[in-house]
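**Student:** Take a look at this one; I'll ask things after.
The values are calculated or read from the model by the stated rules, or taken from the named source; none is laboratory data. On a predicted model such as this, the values are computed, not experimentally measured, just so you know. Here the Cβ positions follow ideal geometry from the backbone for every residue, glycine too, while neighbour counts run over all protein chains shown.
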Amino acid sequence: MAEQVTKSGVFVCLGNICLLPTAEAVFRKLVTDQNVSDTWRMDSAATSTYELGNPPDYRGQVCMKKHGTPMSHVARQVTKEDFAAAFDCILSMDESNRRDLNRKSNQVKNCRAKIELLGSYEPQKQLQLIFEDRYDGSNAHFETIYQQCVRCCRAALEKVR
(Lines give C-alpha, C1' and ligand atoms only; values in the text may rest on other atoms or scores of the structure.)
Protein backbone atom coordinates (compact mmCIF):
# COMPACT_ATOMS: atom_id res chain seq x y z
CA MET A 1 0.00 0.00 0.00
CA ALA A 2 1.43 3.38 -1.00
CA GLU A 3 2.07 5.93 1.71
CA GLN A 4 -0.22 8.94 1.42
CA VAL A 5 1.34 12.35 0.95
CA THR A 6 0.49 14.76 3.74
CA LYS A 7 -0.11 18.41 2.97
CA SER A 8 0.05 20.93 5.75
CA GLY A 9 -1.00 24.46 6.49
CA VAL A 10 -1.26 26.82 9.42
CA PHE A 11 -3.61 29.81 9.59
CA VAL A 12 -2.10 32.88 11.30
CA CYS A 13 -3.55 36.13 12.68
CA LEU A 14 -2.85 38.42 15.62
CA GLY A 15 -4.51 36.68 18.58
CA ASN A 16 -5.62 33.23 17.38
CA ILE A 17 -9.05 33.33 19.04
CA CYS A 18 -11.40 35.00 16.52
CA LEU A 19 -10.53 34.50 12.86
CA LEU A 20 -8.20 31.54 12.92
CA PRO A 21 -10.10 28.99 14.91
CA THR A 22 -12.93 29.64 12.44
CA ALA A 23 -10.70 29.21 9.37
CA GLU A 24 -9.05 26.10 10.83
CA ALA A 25 -12.42 24.55 11.76
CA VAL A 26 -13.90 25.30 8.33
CA PHE A 27 -10.89 23.77 6.57
CA ARG A 28 -10.98 20.68 8.80
CA LYS A 29 -14.67 20.19 8.03
CA LEU A 30 -14.06 20.57 4.29
CA VAL A 31 -11.29 17.95 4.21
CA THR A 32 -13.36 15.64 6.41
CA ASP A 33 -16.43 16.03 4.19
CA GLN A 34 -14.28 15.29 1.11
CA ASN A 35 -12.72 12.22 2.79
CA VAL A 36 -9.17 13.59 2.49
CA SER A 37 -8.52 14.44 6.15
CA ASP A 38 -5.88 11.70 6.36
CA THR A 39 -3.78 13.61 3.82
CA TRP A 40 -3.94 16.96 5.62
CA ARG A 41 -2.43 18.43 8.76
CA MET A 42 -3.70 21.84 9.87
CA ASP A 43 -3.30 24.23 12.77
CA SER A 44 -3.63 27.90 13.62
CA ALA A 45 -1.35 30.27 15.50
CA ALA A 46 -0.92 33.90 16.54
CA THR A 47 1.80 36.42 15.77
CA SER A 48 1.28 37.94 19.25
CA THR A 49 1.21 36.59 22.78
CA TYR A 50 -2.02 38.40 23.75
CA GLU A 51 -4.33 35.38 23.90
CA LEU A 52 -2.00 32.41 24.48
CA GLY A 53 -3.80 29.48 26.10
CA ASN A 54 -7.28 30.91 25.53
CA PRO A 55 -10.15 29.11 23.78
CA PRO A 56 -11.87 30.51 20.67
CA ASP A 57 -14.04 33.60 21.12
CA TYR A 58 -17.55 32.61 22.25
CA ARG A 59 -19.15 34.35 19.25
CA GLY A 60 -17.11 32.21 16.88
CA GLN A 61 -18.09 29.10 18.82
CA VAL A 62 -21.78 30.04 18.53
CA CYS A 63 -21.39 30.58 14.78
CA MET A 64 -19.59 27.26 14.27
CA LYS A 65 -22.20 25.40 16.30
CA LYS A 66 -24.95 26.98 14.17
CA HIS A 67 -23.25 25.58 11.05
CA GLY A 68 -22.50 22.17 12.55
CA THR A 69 -18.76 22.76 12.32
CA PRO A 70 -16.75 21.28 15.20
CA MET A 71 -14.30 23.70 16.82
CA SER A 72 -11.77 22.95 19.52
CA HIS A 73 -8.66 25.04 19.87
CA VAL A 74 -6.28 26.63 22.34
CA ALA A 75 -4.43 29.76 21.15
CA ARG A 76 -0.70 29.40 20.56
CA GLN A 77 2.03 31.54 19.02
CA VAL A 78 3.68 30.79 15.68
CA THR A 79 7.12 29.16 16.13
CA LYS A 80 10.32 28.83 14.10
CA GLU A 81 9.42 25.18 13.51
CA ASP A 82 6.23 26.30 11.76
CA PHE A 83 8.42 27.99 9.12
CA ALA A 84 11.21 25.44 8.84
CA ALA A 85 9.68 22.01 9.02
CA ALA A 86 6.16 21.80 10.33
CA PHE A 87 4.08 23.38 7.55
CA ASP A 88 4.12 23.75 3.76
CA CYS A 89 1.97 26.86 3.76
CA ILE A 90 1.28 29.65 6.23
CA LEU A 91 -1.97 31.47 5.48
CA SER A 92 -2.22 34.95 6.95
CA MET A 93 -5.53 36.67 7.45
CA ASP A 94 -4.27 40.21 6.72
CA GLU A 95 -1.32 42.25 5.42
CA SER A 96 -0.02 43.31 8.83
CA ASN A 97 0.34 39.73 10.01
CA ARG A 98 1.80 38.70 6.65
CA ARG A 99 4.50 41.35 7.07
CA ASP A 100 5.21 40.04 10.58
CA LEU A 101 5.39 36.49 9.23
CA ASN A 102 7.75 37.49 6.42
CA ARG A 103 10.00 39.25 8.93
CA LYS A 104 9.98 36.20 11.23
CA SER A 105 10.64 33.85 8.31
CA ASN A 106 13.80 35.79 7.46
CA GLN A 107 15.13 34.84 10.89
CA VAL A 108 14.61 31.12 10.25
CA LYS A 109 17.33 29.13 8.56
CA ASN A 110 15.93 26.92 5.79
CA CYS A 111 12.44 28.40 5.84
CA ARG A 112 10.33 26.19 3.57
CA ALA A 113 6.82 27.44 4.31
CA LYS A 114 5.12 29.54 1.66
CA ILE A 115 3.44 32.61 3.20
CA GLU A 116 0.19 33.71 1.56
CA LEU A 117 -3.00 35.61 2.31
CA LEU A 118 -5.97 33.29 2.78
CA GLY A 119 -8.06 35.99 1.11
CA SER A 120 -6.03 35.60 -2.09
CA TYR A 121 -8.13 32.47 -2.67
CA GLU A 122 -11.39 34.48 -2.57
CA PRO A 123 -13.24 33.31 -5.70
CA GLN A 124 -15.36 36.47 -5.76
CA LYS A 125 -12.41 38.81 -6.31
CA GLN A 126 -14.60 41.91 -6.01
CA LEU A 127 -15.13 41.06 -2.34
CA GLN A 128 -12.73 42.01 0.42
CA LEU A 129 -9.53 39.92 0.32
CA ILE A 130 -8.46 40.87 3.83
CA PHE A 131 -10.23 39.29 6.79
CA GLU A 132 -11.41 42.06 9.08
CA ASP A 133 -10.24 41.11 12.58
CA ARG A 134 -12.73 42.92 14.78
CA TYR A 135 -12.36 41.70 18.32
CA ASP A 136 -15.40 43.81 19.18
CA GLY A 137 -17.45 42.41 16.29
CA SER A 138 -21.05 41.30 16.50
CA ASN A 139 -22.46 37.84 15.85
CA ALA A 140 -23.21 39.08 12.32
CA HIS A 141 -19.52 39.87 11.86
CA PHE A 142 -18.61 36.31 12.84
CA GLU A 143 -21.15 35.01 10.31
CA THR A 144 -19.49 37.16 7.62
CA ILE A 145 -16.09 35.76 8.61
CA TYR A 146 -17.48 32.22 8.49
CA GLN A 147 -18.85 32.72 4.96
CA GLN A 148 -15.55 34.26 3.81
CA CYS A 149 -13.63 31.32 5.33
CA VAL A 150 -15.86 28.80 3.56
CA ARG A 151 -15.31 30.43 0.16
CA CYS A 152 -11.56 30.90 0.58
CA CYS A 153 -10.84 27.53 2.20
CA ARG A 154 -12.88 25.70 -0.43
CA ALA A 155 -10.98 27.49 -3.23
CA ALA A 156 -7.60 26.86 -1.54
CA LEU A 157 -8.38 23.17 -1.12
CA GLU A 158 -9.42 22.84 -4.76
CA LYS A 159 -6.23 24.55 -5.92
CA VAL A 160 -3.87 22.25 -4.01
CA ARG A 161 -5.71 18.93 -4.46
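**Student:** Being farther than 14 Å from Gly9 by Cα and under 15 Å from the mean Cα position of the chain (by Cα) is the requirement here; does His67 meet it?
**Tutor:** So His67 does not fit the description; no.
**Student:** With respect to Met64, determine if the residue is hydrophobic (A, V, I, L, M, F, W, C) and assigned to a helix (DSSP H, G or I).
**Tutor:** Against the criterion (hydrophobic (A, V, I, L, M, F, W, C) and assigned to a helix (DSSP H, G or I)), Met64 qualifies.
**Student:** Within segment 64-78, restricting attention to residues that are surrounded by 15 or more Cβ atoms within 10 Å (Cβ to Cβ) and either modelled with pLDDT under 95 or among the acidic types (Asp, Glu) (or both), which residue is nearest to Ala156 (Cα to Cα)?
**Tutor:** So, considering only residues that are surrounded by 15 or more Cβ atoms within 10 Å (Cβ to Cβ) and either modelled with pLDDT under 95 or among the acidic types (Asp, Glu) (or both), the one nearest to Ala156 (Cα to Cα) is Met71.
**Student:** From the set of residues in segment 3-36 that are assigned to a strand (DSSP E or B) and not charged (D, E, K, R), which is nearest to Cys152 (Cα to Cα)?
**Tutor:** Out of the qualifying residues, it is Phe11.
**Student:** Does Asn139 count as exposed (fewer than 14 other Cβ atoms within 10 Å of the Cβ) and either touching a Pro at 6+ places or on another chain (Cβ under 6 Å) or without any contact (Cβ under 8 Å) to a residue 40 or more places away in the chain (or both)?
**Tutor:** So Asn139 does not fit the description; no.
**Student:** Scan Ser37, Ser44 and give me the residue that is polar (S, T, N, Q), surrounded by 18 or more Cβ atoms within 10 Å (Cβ to Cβ) and in contact with a helix residue (DSSP H, G or I) (Cβ under 7 Å, 6 or more places away or on another chain).
**Tutor:** Checking each option against the conditions leaves just Ser44.
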